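The values are calculated or read from the model by the stated rules, or taken from the named source; none is laboratory data. All of these numbers come straight from a predicted model, not from anything done at the bench. Using ideal geometry, Cβ is built from the backbone for each residue, glycine included, and neighbour counts are taken over all protein chains shown.
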Amino acid sequence: MSNFGASQNQKNIPEGYFKNPLDIELKLSGTFGELRSNHFHSGLDIKTNQRTGLKVYATAPGYVSRIKIERYGYGKAIYITHPNGYTSVYAHLDKLSPRIEEYLKKRQYDNETYEIQLFPTDLELRVDQGEVVAFSGNSGGSGGPHLHFEIRDSAARPINNDDGY
């Protein structure tokens with residue numbers, strides 16, 4: 001494992017706690033810790049068979065704690081905080097689930113901006129494990145359709161969970 005700020009507690013994630021965020025076979029186009037042009041890759045890039053619009057599921061129960069929309073970088077992304085203190089990150093999305101998309105659109109219109117960062121409270125956007133939270137895409141700085149997925153610890157450090165499903 002590369003030591004670039006990643007959590008040293010790699011094995012503290014309860015086995016089987018996080019489920020595959022897609023309902024297709026898990027095939028990777030990018031792995032944890034890969035050297036990129038100006039950073040180490042902090043998650044997994046999961047292949048979506050060159051398709052957008054695949055259902056993206058909450059890998060564990062929790063609440064949407066952050067929504068970040070930007071033209072570059074992660075593009076359209078959501079962060080789900082889980083009761084065990086971990087956060088799952090889903091990026092390069094096409095759309096969010098209708099409930100989350102409605103929450104987002106209202107605030108984009110209120111602020112008259114597309115690019116936005118929101119921090120819902122733990123009571124606003126609760127999700128269950130297996131609930132559809134988004135649809136895969138190719139937004140932001142993406143070179144093709146895929147789902148960028150991360151697990152972060154309570155200090156927001158990325159964790160290598162590439163064999164944890």
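For residue 99, state whether it is assigned to a helix (DSSP H, G or I) and closer than 23 Å to residue 19 by Cα.
Yes; evaluated as a whole, the condition is true for this residue.
If residue 78 satisfies all but one of (1) surrounded by 21 or more Cβ atoms within 10 Å (Cβ to Cβ); (2) more than 25 Å from residue 15 (Cβ to Cβ); (3) touching a helix residue (DSSP H, G or I) at 6+ places or on another chain (Cβ under 9 Å), what's the number of the condition it fails?
Condition not satisfied by residue 78: (2).
Return a yes/no flag: does region 88-95 have any residue that is over 12 Å from the mean Cα position of the chain (by Cα) and assigned to a helix (DSSP H, G or I).
Residues of region 88-95 that are over 12 Å from the mean Cα position of the chain (by Cα), as a first pass: 94-95.
Keeping just the survivors that are assigned to a helix (DSSP H, G or I) gives none.
No: zero hits.
Residues in region 55-64 that are crowded, with 18+ Cβ neighbours inside 10 Å and either under 11 Å from the mean Cα position of the chain (by Cα) or more than 16 Å from residue 126 (Cα to Cα) (or both): how many?
Residues that pass the stated criteria total 5.
Answer yes if at least one residue in region 136-145 is closer than 24 Å to residue 103 by Cα, modelled with pLDDT of 90 or more and not in a loop (DSSP other than H, G, I, E, B), and no otherwise.
Yes, the conditions are met somewhere in region 136-145.
Can you name every residue in region 9-57 that is of a type in the set (Phe, Trp, Tyr) and at pLDDT below 80?
Narrowing region 9-57 to residues of a type in the set (Phe, Trp, Tyr): 17-18, 32, 40, 57.
Of everything in region 9-57, those that are of a type in the set (Phe, Trp, Tyr) and at pLDDT below 80 turn out to be 32, 40.
Could you run through region 40-77 and say how many residues are free of Cβ contacts under 8 Å to residues at least 12 places away in the same chain and part of a strand (DSSP E or B)?
If we filter region 40-77 for residues that are free of Cβ contacts under 8 Å to residues at least 12 places away in the same chain, which is where we start, we get 41.
Imposing the further condition that a residue be part of a strand (DSSP E or B) reduces the set to none.
Count: 0.
So which residues in region 82-137 are among the hydroxyl-bearing types (Ser, Thr, Tyr) and surrounded by 12 or more Cβ atoms within 10 Å (Cβ to Cβ), if there are any at all?
Selection gives 86, 87, 88, 90, 97, 103, 136.
Run residue 6 past the list (1) modelled with pLDDT of 90 or more; (2) in a loop (DSSP other than H, G, I, E, B) and report the number of the one that doesn't hold.
Among (1) modelled with pLDDT of 90 or more; (2) in a loop (DSSP other than H, G, I, E, B), residue 6 violates only (1).
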